[in-house]
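The values are calculated or read from the model by the stated rules, or taken from the named source; none is laboratory data. Quantities reported herein were computed from a predicted structural model and do not represent experimental measurements. Positions of Cβ are generated from backbone atoms using ideal geometry, with glycine treated the same way; all protein chains shown enter the neighbour counts.
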Amino acid sequence: MSKSTPPSFEQCVADTNVIIDLHTGDLLELLPELSFRVIVPDIIVENELLEPAGEDLLEKGWVEACEFSGEELVKIQNLWGEYASLTVADVSALYLAISLDAPSDPVIDSPPSTVS
């Protein structure tokens, strides 16, 4: 069986869940060692990342926040109409990944939980 080379990319869009999971696992300190930048929508930094504090992550340079223009917010709202079961933060991360022309699996997120 041959080993495949992982795709390389310079940036990766993350959602709130992965940042919280990395914090819970005491792994946030590894973010600067990654070979790519971790970018999150500003709504995640401002409204969702309380522990760890999003502003602290920005100050340390562990993540970058992307602010959206008014035009982009309209596009996010339209996209949210297509994915109404997602939160606006999730749709913002999806829009960000699409707008950055990220790789086919650009959004780092925790897998959905299944309830049996």
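Flag not set for LEU31, criterion: within 21 Å of GLU10 (Cα to Cα), modelled with pLDDT of 90 or more, crowded, with 17+ Cβ neighbours inside 10 Å and under 14 Å from the mean Cα position of the chain (by Cα). Within segment 81-101, restricting attention to residues that are surrounded by 14 or more Cβ atoms within 10 Å (Cβ to Cβ) and in a loop (DSSP other than H, G, I, E, B), the residue that is modelled with the lowest pLDDT is LEU100. Of all the residues in segment 37-66, those that are surrounded by fewer than 11 Cβ atoms within 10 Å (Cβ to Cβ) and either under 20 Å from ALA97 (Cα atoms) or in contact (Cβ under 8 Å) with a residue 24 or more places away in the chain (or both) number 2.
Just to be sure before I move on: is ASP26 of a type in the set (D, E, K, R), at pLDDT 85 or above and assigned to a loop (DSSP other than H, G, I, E, B) in the structure I sent? Don't jump to the end; show me each part of the working.
Working: of a type in the set (D, E, K, R): yes; at pLDDT 85 or above: yes; assigned to a loop (DSSP other than H, G, I, E, B): yes.
Spelling it out, ASP26 is indeed of a type in the set (D, E, K, R), at pLDDT 85 or above and assigned to a loop (DSSP other than H, G, I, E, B).
Of the residues in segment 72-80, at least one is among the acidic types (Asp, Glu), touching a residue at least 12 places away in the same chain (Cβ under 8 Å) and in a helix (DSSP H, G or I).
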